[in-house]
1. How many residues does the range 66-102 hold that are surrounded by 24 or more Cβ atoms within 10 Å (Cβ to Cβ) and of a type in the set (Val, Ile, Thr)?
2. Which is surrounded by fewer than 17 Cβ atoms within 10 Å (Cβ to Cβ), touching a residue at least 12 places away in the same chain (Cβ under 8 Å) and either assigned to a helix (DSSP H, G or I) or within 20 Å of the chain's Cα centre (by Cα) (or both), of GLN161, GLN174, GLN111?
3. In the range 288-318, what residues are part of a strand (DSSP E or B) and free of Cβ contacts under 8 Å to residues at least 12 places away in the same chain?
4. Pick from VAL280, VAL258, VAL291: which is within 14 Å of the ligand (Cβ to nearest atom) and either in contact with an Asp or Glu (Cβ under 7 Å, 6 or more places away or on another chain) or under 19 Å from GLY183 (Cβ atoms) (or both)?
5. Does the range 20-32 contain at least one residue that is of a type outside the set (A, V, I, L, M), touching a residue at least 40 places away in the same chain (Cβ under 8 Å) and more than 15 Å from the ligand (Cβ to nearest atom)?
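The values are calculated or read from the model by the stated rules, or taken from the named source; none is laboratory data. The model shown is predicted, which means the values in this text are computed figures rather than measured ones. We place every Cβ from the backbone using ideal geometry, glycine too, and count neighbours over all the protein chains shown.
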Amino acid sequence: MFKSNFAVTYIDILAASQRLEGIAYHTPVLTSRQADEKALAHVFFKCENFQRSGAFKFRGAYNAISQLNKDQKQQGVIAYSAGNHAQAMALAGQLLTVPVTIVMPADAPVQKISATKGYGAEVIFYDRHTENREEISRKLANERGLTLIPPFDYPDVIAGQGTATKELIEEVGQLDYLFVPIGGGGLIAGAAIAAAHLSPGCIIIGVEPETGNDAQKSLQNGKIIKIPVPKTIADGAQTQCIGELTFPIIRTLVKDIVTVNDNQLREQMQFFAERMKIIVEPTGCLGAAAVSNRIIDVSNKRVGVILSGGNMDLKHLD
Ligand SMILES: *Cc1c(COP(=O)(O)O)cnc(C)c1O
């Protein structure tokens, strides 16, 4: 059941949860009679939209930075992201007094740029039509002696993300199913390892936007498939392919990957805002949309759903 040849083991998740104790929030688990009625199941929402910096990414970022040696911490870290990894890295760096540089597209949303700067990070812009962010980041990392922390394909990041599922299962007990959004696969890889240890038999289902189903294709083909940048409102899942480290974990521990479309995501966001009074960003709604549209039959089962983040432009709710 438990493969020790993965980049990450349950021991790493346990160590991450000790490092995050008192620093990351133990986010609440919410239930809703109306959500249960839609799903015909008992649904437990792990609310990482309430996590520091607004998404689970804080867990991985903090765990990764805290594990660097003294020299690396002094020199600083670098990440490329237009999204939640940027804010998470900036906040984690601020808390650990490690300088953070973020490489962002010049046309990134103003709120994201100001949130990242607000946590004290230096933001370097690039033109995403003519420049390659990975090249720019590597060049800067070399020139300035910075450590590059990628958003998902990095063992300490995966271990940190796994702590959300550890908390969920410790709070609500054994689950029959767990639904998790997939971008590059860091969140679901950590979730699957935590669940394999704490709730063996729990069926892990990944959820992607319909237009961005690269992980589904990769699972079906038995190898990593790369797609063009997908058009979807789920901006946290616009990755072109899953990772070299996350794929073997997903392939072994994830039962299936399903998709939902942007309309289903919009309906889900509205449900959360109107009925449960919570703001969940489009990518954060992937798992919940799969459950409430009964893409997989989970009748009468105990179903965990990770609401992965809550950072968004409120115009999405119009
Ligand atoms: C990054 C992100 C995801 C996807 O996580 P991966 O580890 O890349 O699979 C899902 N939801 C939100 C809100 C995110 O920020």
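1. The total comes to 4.
2. Just a single option satisfies the conditions, and that option is GLN111.
3. Those that are part of a strand (DSSP E or B) and free of Cβ contacts under 8 Å to residues at least 12 places away in the same chain: none in the range 288-318.
4. That would be VAL280, the only listed residue that is within 14 Å of the ligand (Cβ to nearest atom) and either in contact with an Asp or Glu (Cβ under 7 Å, 6 or more places away or on another chain) or under 19 Å from GLY183 (Cβ atoms) (or both).
5. Within the range 20-32, one or more residues are of a type outside the set (A, V, I, L, M), touching a residue at least 40 places away in the same chain (Cβ under 8 Å) and more than 15 Å from the ligand (Cβ to nearest atom).
Residue-by-condition table, conditions (1) within 22 Å of GLY183 (Cβ to Cβ); (2) assigned to a loop (DSSP other than H, G, I, E, B); (3) at pLDDT below 95:
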{"position": "PHE2", "(1), (2), (3)": "no, yes, yes"}
{"position": "ALA7", "(1), (2), (3)": "yes, yes, yes"}
{"position": "ALA15", "(1), (2), (3)": "no, no, no"}
{"position": "TYR25", "(1), (2), (3)": "yes, yes, no"}
{"position": "PHE58", "(1), (2), (3)": "yes, no, no"}
{"position": "TYR62", "(1), (2), (3)": "yes, no, no"}
{"position": "ALA88", "(1), (2), (3)": "yes, no, no"}
{"position": "LEU91", "(1), (2), (3)": "yes, no, no"}
